[in-house]
Amino acid sequence: MTILCVRFQLPPTHEAALPGLLGLLEEFTPVVEALPPDGALADLRGAERYFGRSAVELASVIRVRSLALYGVDCLIGAGPGPMLARMALGDAEPGVTCAVPEEPDAVAEFLAERPVGVLPGVGAATARTLCEYGLDTLGLVAAAPLSTLQRLVGAKTGRELHEKASGVDRGRVVPNAVSRSLAAERPFTRDELDPDRHRRALLSAAEELGTRLRALDKVCRTLTLTVRYADRSSTTRSRTLKEPTAHSAALTRAAYGMYEALGLQRARVRALALRAEGLGPAEQASYQLTFDPVDEKLRRIEEVADRARAKFGPRAVMPGALAA
């Protein structure tokens with residue numbers, strides 16, 4: 001077992017602690033991939049040899065240091081590859097690392113009875129198609145002929161699905177930097193059921209992200225929405241934008257679209273968070289000319305509002321929906 005998948009149990013308002021926690025993992029290995037808002041993958045192949053300890057033993061040290069230095073507990077899954085480590089994380093408990101052995105028979109046993117929908121990369125539509133044909137567990141998918149899977153879900157998807165269900169994990173940990181993203185979180189003082197208040201929180205967060213991006217002369221390619229519920233569970237959705245942008249109106253539209261797609265009905269929401277990812281220089285970005293006078297007017301207003309906020313504070317100019 002050489003890969004760890006770590007989920008830090010951060011309180012809703014402590015997402016800013018993630019960079020420090022990633023630094024903790026980097027004390028063991030430089031191959032760390034951030035999984036915002038609260039997780040990471042770490043490749044410990046070199047660390048196992050250097051420290052003379054197994055990945056599970058190193059996971060215990062990481063957990064103790066996280067608690068001692070940051071007061072944050074974590075759930076940890078371990079496996080021979082990123083996919084299996086992610087799946088092991090689902091069975092992890094506080095204080096106990098869930099580890100998938102490297103032996104092929106042990107991997108097959110770990111996967112056999114799991115529903116097909118838990119496999120990373122399998123969406124609801126693919127899972128529904130497979131279940132309609134009785135392939136509702138990974139063991140059945142692995143035992144099915146490759147040609148059958150390719151007829152059901154397509155050639156490429158069928159081949160990848162057959163490999164993953166058989167325990168073939170071709171993924172790798174890609175080092176990245178959490179600083180390549182910006183986050184804005186809006187916790188509620190009490191569990192909130194009102195969709196209008198949810199939308200105002202998203203508007204506020206999108207406005208903050210847009211202002212910060214423009215101040216840094218950056219644009220983002222992807223927007224991620226995280227909804228945290230009263231039972232401490234969460235839902236995360238990401239959307240790749242049509243074009244890299246720092247335009248607050250575009251970020252707000254994307255945030256509203258992801259929120260509405262969740263179809264929440266009287267959900268008790270504890271916090272909402274938006275994260276702008278895939279940041280790049282604004283001067284290298286291009287956007288489609290629309291010849292829409294309204295869009296041009298909004299962008300000019302945005303420039304003036306940014307100057308006013310820089311001089312008089314962040315609340316000098318704000319959308320009317322937030323003024324109340």
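The values are calculated or read from the model by the stated rules, or taken from the named source; none is laboratory data. This is a predicted model, so every value here is computed, not measured. Every residue, glycine among them, receives a Cβ derived from its backbone with ideal geometry; neighbour counts consider all protein chains shown. Calculation scope for accessible area: heavy atoms of the full protein, side chains included, ligands and nucleic acids excluded. Shrake-Rupley method; radii C 1.70, N 1.55, O 1.52, S 1.80 Å.
With +1 on each Lys and Arg Cβ and -1 on each Asp and Glu Cβ, and nothing else charged, work out how big the dipole of the range 187-305 is about its Cα centre, in Debye to the nearest 20. Don't skip to the end; give the middle numbers.
Working: 21 positive and 17 negative charges, 99 e Å.
With only Lys, Arg, Asp and Glu charged at Cβ, the dipole is about 480 debye.
How far apart, in nm, are the 7 Å Cα→Cβ label points at ALA125 and ALA230?
Result: 3.5 nm between the two label points.
Rounding to the nearest 20 debye, state how big the charge dipole of the chain is about its Cα centre with +1 on each Lys and Arg Cβ and -1 on each Asp and Glu Cβ.
Numbers: 42 positive and 40 negative charges, 208 e Å.
Dipole of the chain, to the nearest 20 debye: 1000 debye.
As an exercise, take the mean of 1/r over every pair of distinct alpha carbons in the range 59-177, invert it, and state the Kirkwood radius in angstroms. Kindly include the intermediate steps, with their values, before the conclusion.
On the way: mean 1/r = 0.0645 Å⁻¹.
About 15.5 Å, per the Kirkwood formula over Cα pairs.
Go from 0 up to the bin containing the longest alpha carbon distance in the range 51-107, width 10 Å each, and give me the % of pairs per bin.
Once binned at 10 Å, the Cα pair distances of the range 51-107 give 25, 50, 23, 3.
Under the Karplus relation 6.51 cos²θ - 1.76 cosθ + 1.60, θ = phi - 60°, what is the ordered set of whole-Hz ³J(HN,Hα) values for the range 143-151, x standing for Gly and Pro?
With coefficients 6.51, -1.76 and 1.60, one gets 7, 6, x, 4, 4, 5, 4, 5, 5 Hz.
Cα convex hull of the range 1-115: how many Å³ per residue?
Each residue corresponds to 97 Å³ of Cα convex hull volume.
Please give the charge dipole size of the range 171-233, origin at the Cα centre, charges +1 on K and R Cβ atoms and -1 on D and E Cβ atoms. Round to the nearest 20 debye.
On the way: 13 positive and 9 negative charges, 66 e Å.
Here the size comes out at about 320 debye.
With N denoting the number of residues in the range 147-231, provide Rg(C-alpha) divided by 2.2 N^0.38 Å, to two decimal places. Let's see the in-between values first.
Values: Rg = 20.2 Å, N = 85, 2.2 N^0.38 = 11.9 Å.
Ratio of Cα Rg to 2.2 N^0.38 Å: 1.70.
Multiply the residue gap between VAL304 and ASP191 by 0.36 nm, knock off their C-alpha separation, and tell me the result in nm, one decimal place. It would help to have the intermediate numbers written out before the result.
Working: separation 113, 0.36 × 113 = 40.68 nm, distance 3.58 nm.
Fully extending the segment from VAL304 to ASP191 adds 37.1 nm.
By how many nm would the segment from ALA112 to VAL174 lengthen if fully extended, with 0.36 nm per residue of separation less the alpha-carbon distance?
Working: separation 62, 0.36 × 62 = 22.32 nm, distance 2.80 nm.
Gain in length upon complete extension: 19.5 nm.
Given bins 10 angstrom wide, list per bin the percent of all Cα-Cα distances in the chain, short to long.
Calculated P(r), rounded to whole percents: 5, 22, 27, 26, 14, 5, 0.
For the chain, what proportion of DSSP beta bridges, expressed in % and rounded to the nearest 5, is antiparallel? Mind showing how you got there, number by number?
Details: 42 of 44 bridges.
Once the DSSP bridges in the chain are tallied, antiparallel ones form about 95 percent.
List the residues whose amide H sits under 5 Å from the amide H of CYS74, counting only those 5 or more places along or on another chain, with H placed 1.01 Å from N in the peptide plane.
Residues meeting the criterion, in which the H sits 1.01 Å from N, are GLN9, GLY95.
Where a Cα-Cα gap under 21 Å defines reach, which lysines qualify for LYS164, not counting those fewer than 8 residues away within the same chain?
Output for LYS164: LYS156.
Looking only at trypsin sites (Lys or Arg not before Pro) in DSSP loops with at most 15 other Cβ atoms within 10 Å, what is the longest site-free stretch of the chain?
Numbers: sites that count: ARG170, ARG172, ARG232, ARG266, ARG268, ARG315.
Answer - 1-169.
Choose one of ALA254, PRO293, LEU161: the residue whose Cα lies farthest towards the positive end of the charge dipole of the chain (beta-carbon charges +1 Lys, Arg; -1 Asp, Glu; about the Cα centre).
Toward the positive end, the furthest listed residue is PRO293.
Between VAL61 and SER238, what is the spin-label point distance in nm, taking each point 7 Å from the Cα along the Cα→C-beta axis?
3.0
By how many nm would the segment from GLU93 to LEU264 lengthen if fully extended, with 0.36 nm per residue of separation less the alpha-carbon distance? Each step should come with its number before you reach the end.
Details: separation 171, 0.36 × 171 = 61.56 nm, distance 2.78 nm.
Once the chain is fully extended between GLU93 and LEU264, it gains 58.8 nm.
Would you list which aspartates and glutamates come within 12 Å of LYS218, measuring only between C-alpha atoms, while excluding same-chain residues fewer than 8 positions from it?
In chain and number order, the partners are GLU277, GLU283.
Give the carbon-plus-sulfur fraction of the accessible surface of the chain in %, rounded to a whole number; probe 1.4 Å, heavy atoms of protein chains only. Mind dumping the intermediate values first?
Details: 9010 of 17400 Å².
With neighbouring chains kept in place, the figure for the chain is 52 percent.
Separation between the THR222 and GLU283 pseudo-spin-labels, each 7 Å from Cα along Cα→Cβ, expressed in nm?
Output for this residue pair reads 2.7 nm.
Would you mind getting the accessible area per residue of the chain, heavy atoms of the protein chains only, 1.4 Å probe, in Å²?
Details: 17400 Å² over 324 residues.
Result: 54 Å² of accessible area for each residue.
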